[in-house]
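The values are calculated or read from the model by the stated rules, or taken from the named source; none is laboratory data. This structure is a prediction, so every number in the text was calculated from the model and none was measured. Cβ placement follows ideal geometry from the backbone for every residue including glycine, while neighbour counts extend to all protein chains displayed.
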Amino acid sequence: MRLALKNTNVHTVRNTGGMQVPRACTSKQMCKRRPCMASAAPMKALVLDLGGVLIEPGEHHRQAYNEAFQKFEVLQAQSPTAKVVNWGEGIFAELENRSGSDSKLQYYFEAQGWGPNKITKGVPKTPEEKQHLVSELMAYQTQRFQQMMESGQVIIEPRPGVVRVIDEAVDLGLKLAVCTTSRARDSLLSTLRMLLGEERAAKLDCVLAGDDVAKKKPDPEVYRKAAASLGVQPSECVCIEDSTTGLQAALQAGMRVIVTYTDATKTQAFEGAERVISALGYPANVTALELKQQRLAQDDRIHMDVTDSAIQFLMNPRG
């Protein structure tokens, strides 16, 4: 089964070894990166997303969703054999491009149909019933994932380089924020303490979760609210995101954006991002000082071939 996701902004022209390859672009287009940030406002804050930036999107999240479907016997809408909904790796990878746990669920059910379940005691028909189903499933999924972490069943580790960049940002006197619309606040705070440790987590100046805002990404509300809470202008913030959905939210808020892509998002175009890299650590080894000094555009998925007719950006053969 494959979901037809909308507005992912993937630019492709061919398939190489089973992987979609970004469309080559001329030197005039420059992949629509921001060519130079020399005129940008001085950086005063570093703003980070959670999944795909601080931590890898985890297999255990998918497991927790599937346990929720089993517990409440959420059946596939068009299954003649009354099968319980089960998200395979492929479906979950596509749904990772939706922002927020409830957004993933809502999008899936809208695409595949709303099936009978124990929560609504049948097929949900009204908007209220559908929202009730999504809310209960999300609450159980969050609870199960939290239990997995507390029991040691799930060991979460930061993505390469991100803890170092956080420490560097503190040393430079930058303000720090973590913003996600995919977690409830209690779950987010617990995750940050386990991930960063109590002392480092306490240095975060602002933490915003899904229940702190009315609208999910790509709406810019969470990032505008973060800038206001930090007491800076959005243009004085550098945001690190992992998907087009988050990128759009930060750009609309007026922030500079660095993208650390994941396996689920690596073929997205990321138009408007200042830098597109696999991680803050090796091989890019991004530093907070570099971000403050406003480096030129970069996309480590591509390399530059200079020809007589044009400069073309092609897929980096090193991966």
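Annotations for the structure displayed:
- Any chance Lys203 is over 22 Å from Gln298 (Cβ atoms), without any contact (Cβ under 8 Å) to a residue 40 or more places away in the chain and surrounded by fewer than 21 Cβ atoms within 10 Å (Cβ to Cβ): yes
- Residue list for segment 187-233, restricted to those being hydrophobic (A, V, I, L, M, F, W, C), in a helix (DSSP H, G or I) and within 24 Å of Met43 (Cα to Cα): Leu192, Leu196, Ala201, Val222, Ala226, Ala227, Ala228, Leu230
- Set Gly88, Gly122: member being on the phi > 0 side of the Ramachandran plot and not assigned by TED's automatic domain parsing to the domain that holds Leu192: Gly122
- Of the residues Val21, Val74, Val10, the single one that is β-branched (Val, Ile, Thr) and at pLDDT 50 or above is Val74.
- Top-ranked residue of segment 30-51 - restricted to ones that are at pLDDT 90 or above and under 20 Å from Tyr261 (Cα atoms), ranked as surrounded by the fewest Cβ atoms within 10 Å (Cβ to Cβ): Leu50
- One residue stands out in segment 137-155 among those that are within 21 Å of Glu110 (Cα to Cα) and surrounded by fewer than 19 Cβ atoms within 10 Å (Cβ to Cβ): the one that is modelled with the lowest pLDDT, namely Ala139.
- Applying a threshold of 7 Å to beta carbon distances and a minimum spacing of six or more residues, or different chains, the list of pairs starting in segment 280-308 at a residue that is assigned by TED's automatic domain parsing to the domain that holds Leu174 and over 14 Å from Thr260 (Cα atoms) and ending at one that is modelled with pLDDT of 80 or more and of a type outside the set (D, E, K, R) reads Ala288/Leu46; Ala288/Val165; Ala288/Ala169; Ala288/Leu172; Ala288/Leu174; Leu289/Leu172; Lys292/Met43; Lys292/Leu172.
- Residue among Ala111, Ala169, Ala177 that alone is aliphatic (A, V, I, L, M) and outside the structural domain of Met43 (by TED's automatic domain parsing): Ala111
- Scanning segment 108-125 for residues that are among the small types (Gly, Ala, Ser), free of Cβ contacts under 8 Å to residues at least 60 places away in the same chain and surrounded by fewer than 20 Cβ atoms within 10 Å (Cβ to Cβ) yields Gly113, Gly122.
- Scan of segment 177-187 for residues that are more than 14 Å from Val53 (Cα to Cα) and surrounded by 16 or more Cβ atoms within 10 Å (Cβ to Cβ), ordered by number: Arg183, Ala184, Ser187
- In segment 257-287, the residues that are within 16 Å of Ile166 (Cα to Cα), buried (at least 23 other Cβ atoms within 10 Å of the Cβ) and not hydrophobic (A, V, I, L, M, F, W, C): Thr260
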